Every structure is written in structure tokens, then in C-alpha cells.
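For reference, the structure is listed below as C-alpha cells.
Readers should treat all values here as calculations from the given coordinates under stated rules, not as data from a laboratory. Everything numeric in this text was worked out from a predicted model, so none of it was measured. With ideal geometry, Cβ positions are generated from the backbone for all residues, glycine too; neighbour counts draw on all protein chains shown.
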């Protein structure tokens, strides 16, 4: 399976708050950032930590502006995120645009 | 979050002791084997390794570029590796410049390049550091006594997945005549995490 995202893509972290182990930090949920690196493929910890079968999937370095995470700050925070945690931000905003028409 | 990591009589520590006991009981490992493996790993795991990488990068521009492009491929040039644990971990080296500064954290637990920096300091694992440095790094650096020029941009790296991070600090002024061991001696653990200048 090819990577869904490329460096430079805008992505939104999912808002899901799962009742089990996850490596998507709470402070990033729902935020939009930019893919800045590809970090290989690794099993999704949400599944592997529960002893479930987990095929390796792409992991990305995603850079967020502090303002988009916390509403303030002039720094960036780069978080390493599994593909399952990410949605294309552009497609999402196009879909929103259509639904509001 | 911290309730799961509480006291030695419960949680992961107790589970680990129970597992180790069972492995020994079933004859899969002999008594003390885990301690010896850990001891051998930790004997090689020291911030002196990170300091050697930095000193070489300051002196050899080709090595610096290889280190930044693919750190795992560059490490063997100094006899180092990110192996030694269950698997070889990916290392990313992030470079400080005149106008950008890097800080490392793991907000979810305490991921850290042990092989190159040794065991992490207690504050690195504290909830205070982990929660605050992503939100307000400039204030946290100030509390470390590091007054960063307000014009310098800060990048915080949250090692939340499989990669590990190390900072390549700026070479201090007035060190032009120094050789590699002398330069390495200037590099501190906090400088490799990004909470202090070198």
C-alpha cells in the first residue's frame, strides 16, 4: 500500500478519543498541520498494544504551528503520527465547502 | 496518565518482575541474564556518544550533511549505532542555526535516544516538562537559565512514534583551534536535548 500523503500535504489529526492505548497526543487532536517527513512503516500501536494484528503503516512527521494547537505561541511542534491518525485537510475543506453551499 | 506508571509494587515494574521470574522459571533465560544485557547496553550508552557526533559534525561538513540526511547511516562512521535494543531505532538529528533552535520532548512517555545520550534525566520524564515545553518552550528554556534571542524561531520535536531525536547544537564562538576531543568535551547532555546552548 502506497503512502496516502506526501511532504507538503496539509493534514488534519482525527478527533477520536479512543478508550484504549493510542500514540496520537491529545493536544494535537483536530489540528491541521503539514507533512514534513516520511518515517517508514510501523504497526499501529492502538492495535499492537492490545495484541491485535497490525500491519505496518506509514508514519509521518507532521509540523503544526503553535497557534493552531494552543491558540497562541510563535513556535512549531513536529509530531510523529501514524497514517490512521490523519485525514487530508484539503479534501475535508472542499467537502465542507460543498455542504455549506 | 501517571497512575499507570505509579509505584514499584504495581503497574509495569511489577509486571516486568513477574515476567522475568516466569522466563527464568521456565528456563528461557538464566538468572541475571536480563541484568547483564541491560548492563552491557548501558555501559555503552552515554552522552559522550552524542558529543562525539556533534564534534565530528562541527569539524567535517560532509559528515554533518550525512548525519542530517540519514543519521543511522552516518553513525557507523564513529562506531555507533541505534541498535542494542529490541530493534534498530531511527535517529533524526535536527540542527540549530543562527535563527532557529530545536528542543526535544516525548509528551506521551519518555522516548529518548538512550544509546547516544545515556539514561534520560528525571526532569525529561516529568509531567511538567512534557506538558509545558510543547506549549511554551521559551519560558521553559528560560527556567533552564537559557535566554534565547526572541528573534530565534523554536521547533519542538515530540518523539511520539518510533523515531528518536537529537539536537546538533551550534558550535560556540572562539573554538576555532580546538580538536575533536576538546570540542566533544564542550557538549552537554542538555545541549543535545536543546534546553541549553553549548
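When the Gaussian network model of chain B links Cα atoms closer than 10 Å, the mean-square fluctuations of B:183, B:80, B:34 top out at B:34. Note on B:132-138: average number of Cβ atoms from other chains within 10 Å of each residue's Cβ is 5. When 1/r is averaged over all different Cα pairs and the result inverted, which Kirkwood radius in Å belongs to the stretch A:4-68? One over the average 1/r among Cα pairs gives 12.8 Å for the stretch A:4-68.
Relative contact order of the stretch B:124-198: 30 percent, from C-alpha pairs under 8 Å at least 6 residues apart in sequence. Classify the stretch B:90-198 from the C-alpha gyration tensor, please: rounded if a/c falls under 1.5, else prolate or oblate depending on whether a/b exceeds b/c. Cα axes put the stretch B:90-198 in the oblate bin.
Counted over the protein assembly as shown with a bin width of 10 Å, the fraction of Cα pairs per bin, in whole percents, is 6, 24, 33, 24, 10, 3, 0.
Using only Cα atoms, find the angle between the long axis of helix A:89-99 and the longest principal axis of chain A, and express it within 0 to 90 degrees, rounded to the nearest 10. That helix lies at roughly 60 degrees to the long axis. With springs only between Cα atoms under 10 Å apart, run a GNM on chain B and tell me which of B:144, B:63, B:41 wobbles the most. Comparing B:144, B:63, B:41 in the GNM, the peak value goes to B:144. Axis of helix B:33-44 versus longest Cα principal axis of chain B: the two differ by about 10°, to the nearest ten degrees. Overall, the ratio between the Cα radius of gyration of the stretch B:100-141 and 2.2 N^0.38 Å, rounded to two decimals, is 1.15. Computed over chain B, relative contact order equals 25 percent, with contacts defined as Cα pairs under 8 Å that lie 6+ residues apart. Report, in degrees rounded to the nearest 10, the 0 to 90 angle that the Cα long axis of helix B:11-25 makes with the longest principal axis of chain B. Orientation of helix B:11-25: about 60 degrees from the principal axis. For chain B, the Stokes-Einstein estimate of translational diffusion at 20 °C and a viscosity of 1.002 mPa s comes to 117 µm²/s, using the Kirkwood hydrodynamic radius over alpha-carbon pairs. Short-range pairs are left out: with C-alpha atoms under 8 Å and at least six residues apart, the relative contact order of chain A is 28 percent.
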